[in-house]
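As structure tokens, the structure follows; a few thoughts come after it.
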Amino acid sequence: MIYHVTSRQTWQEAQQRGEYRADSLESEGFIHCSTETQILPVTENFYKGQAGLVLLKIDPAFLGSELLWEPPAGDPPPGIPKGELFPHIYGPINLDAVVKVYDLETNPDGSYKSPTFD
């Protein structure tokens with residue numbers, strides 16, 4: 001499984017549209033995703049202080065777009081070793097590839113709680 005962080009509003013819009021497209025798909029050509037161990041470092045680094053976030057759990061077997069494992073453009077976020085690859089989806093995410101959606105909750109200090117996966 002791979003994961004993608006987005007806003008609840010963007011996810012709701014995707015459900016109405018019939019597919020999910022992140023801004024990075026237009027600007028960089030792909031949608032950034034993470035492995036389970038990359039979720040918190042990525043969220044803390046790129047989404048600090050944001051509320052109303054959800055985590056999409058994506059089953060790569062159901063993706064209609066190409067998935068490539070690639071290094072980050074620069075240094076990885078703190079907590080992720082250099083050389084670790086990230087999943088990038090080169091196209092929109094079809095909704096049936098999203099097998100679960102989790103609310104990203106924060107701790108009292110504003111850091112994100114680790115999602116409880118079922």
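The values are calculated or read from the model by the stated rules, or taken from the named source; none is laboratory data. All values reported here derive from a predicted model rather than from experimental measurement. Here the Cβ is made from the backbone with ideal geometry for all residues, glycine too, and neighbour counts use every protein chain on show.
For the reader, a short list of remarks on this structure follows.
- Test: residue in region 38-49 that is surrounded by 12 or more Cβ atoms within 10 Å (Cβ to Cβ) and on the phi > 0 side of the Ramachandran plot: no
- Residue within region 26-33 that is touching a helix residue (DSSP H, G or I) at 6+ places or on another chain (Cβ under 7 Å), of a type in the set (Gly, Ala, Ser) and modelled with pLDDT of 95 or more present: no
- Any hit, region 77-91, residues being exposed (fewer than 12 other Cβ atoms within 10 Å of the Cβ), farther than 11 Å from CYS33 by Cβ and acidic (Asp, Glu): no
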